[in-house]
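Here is the structure we will look at, set down as structure tokens.
The values are calculated or read from the model by the stated rules, or taken from the named source; none is laboratory data. Fair warning: this is a prediction, and the values are worked out from it, not measured in the lab. Cβ sites come from the backbone with ideal geometry, for glycine too, and all protein chains shown count toward neighbours. To get the accessible areas, we keep the full protein, side chains included, count just its heavy atoms, and leave off ligands, DNA and RNA. Shrake-Rupley method; radii C 1.70, N 1.55, O 1.52, S 1.80 Å.
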Amino acid sequence: MKKFLKTTSLLLMCSLLLTACGNLQNSSLSSGGGDTNKTSVQTTSSSDSSSYDVLLSGGKYKTSPISGLTAADNTNQFNSRSFESGLMSLSKKQFSTNNYVFQEGQVLTASKVVDWLGRKSKSNPTGLNPKDNGSKDENKRAPMYFQQMLEEDYLTKQDGKYKLAGMSIGIAMNKIDYYQKKQYGATYKTSISTAEQKEQGERIAKEVVKRLRANKEVGNIPIVVALYSVAPQDTLVGGTYFQYSISKSDSLGSWKDLNYRNQMLPTVNGENAINSSDADAFANFKDHIQNYFPNLSGVTAQAKYDGDTLKSLDITINTQFDGLAQVTSFTQFVQQSASKYLPSGADLDISIQTVDEQQAFVTRSNGKFTSHVYDAD
């Protein structure tokens, strides 16, 4: 099995860290129930009540050792961000931003998750993907269902120390499993039905919770477990979470269905817009900025819906600007245009970039805009 390490999405990191006002609080950390391994830690103090304060260790942000580990490569770049941001959104239903501090998962180790993502075998008895049945036929082989895993930790301050008080686990399930019949050969694919994806996801989630509960660091804290459908490689949007459960004991609670949908704007291949008003609003925004700044290579968006309600727009604007003054004025114009034309109830992440580099970004969260131009004094 291959390991693929990917850097954390820039805009997701911004949503965690740029909202921090810079006030830091010193404390000592206990990552579990015991008080050993005490370490000086700090937390950012977020100016946005809808964002988590972030736990820092020794003044540094701690990344999860399992970040980016996948069972097989998937070239769809949108999956990673949707996987992370979607889990955090679900976590907020259980772990209030006013009462919990966020930290990327520190309980699960890379070696353990690599084994879990592998096929079950004599040499890997903890593998959560099925045994290889030897078939290479797309309809007869045992596919790889379990693609990726994500851990988020939520801590509270107890007796002057930050302790693990909640956890969220994302379980990414393949909709299509890509494979080779021989090493370095052509790529084939096995399609996985929605029912099979759901059945296998629930099986894997149940076993993951059982294993986590055996870890003394976890104990009986609440665990949010969410199942994510990985978007195929040939799509221009990320995947979505389709159900979640909350475990408050050794077992899982009842599963709650989710009706999340993603769509590319402008729509492609004759696809009907999920919401024609949202599609028209984006088209007006796109036309407006292209009329004033014609040297744009493209303007696209990933629209994220909960049912028929638009929750967010992730917009990418490809430019050919060279000068700092051009980028700065364009960024200001984009923010003004977004405020005028785009649906007011949706969060926005707008990335302004060339083929080679990120130039600027504009975000809107809870109605408040933030922007930044790189390399500007």
Mean accessible surface per residue for the chain, computed with a 1.4 Å probe while every protein chain stays in place, in Å²: 49 Å²
Return the subset of 112/304; 112/175; 216/304; 62/122; 93/198; 92/304 for which the Cα-Cα distance in this structure is over 26 Å, preserving the input order. 112/304; 216/304; 62/122
Identify which of the listed values of Rg and Dmax of the Cα atoms in Å was calculated from the structure shown: (1) 21.7, 64; (2) 42.6, 158; (3) 19.9, 64. (1)
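In percent, how large is the relative contact order of the stretch 150-271, given Cα pairs closer than 8 Å and 6 or more residues apart? Could the numbers behind the result be given before it?
Values: 198 pairs, mean separation 25.7, N = 122.
About 21 percent, as a whole number.
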DSSP bridge pairs, the chain: antiparallel proportion in percent, nearest 5: 75 percent
Give me the dipole magnitude in Debye, nearest 20, for the stretch 129-181 about the Cα centre, with unit charges on the beta carbon: positive for Lys and Arg, negative for Asp and Glu. 140 debye
In sequence order, what are the phi-derived ³J(HN,Hα) couplings for the stretch 97-111 according to the Karplus relation 6.51 cos²θ - 1.76 cosθ + 1.60 with θ = phi - 60°, rounded to whole Hz, with x for glycine and proline? 5, 7, 10, 10, 10, 8, 8, 4, x, 10, 7, 6, 9, 4, 5
Using Cα positions and a limit of under 17 Å, work out the lysines in reach of residue 136, with same-chain residues fewer than 8 apart set aside. 181, 182, 189
Over the chain, calculate the relative contact order: mean separation of alpha carbon pairs under 8 Å at least 6 apart, over the residue count, as a percent. 11 percent
Residues whose built amide H sits under 5 Å from the amide H of residue 165, excluding neighbours closer than 5 in sequence, are 154, 155, 156
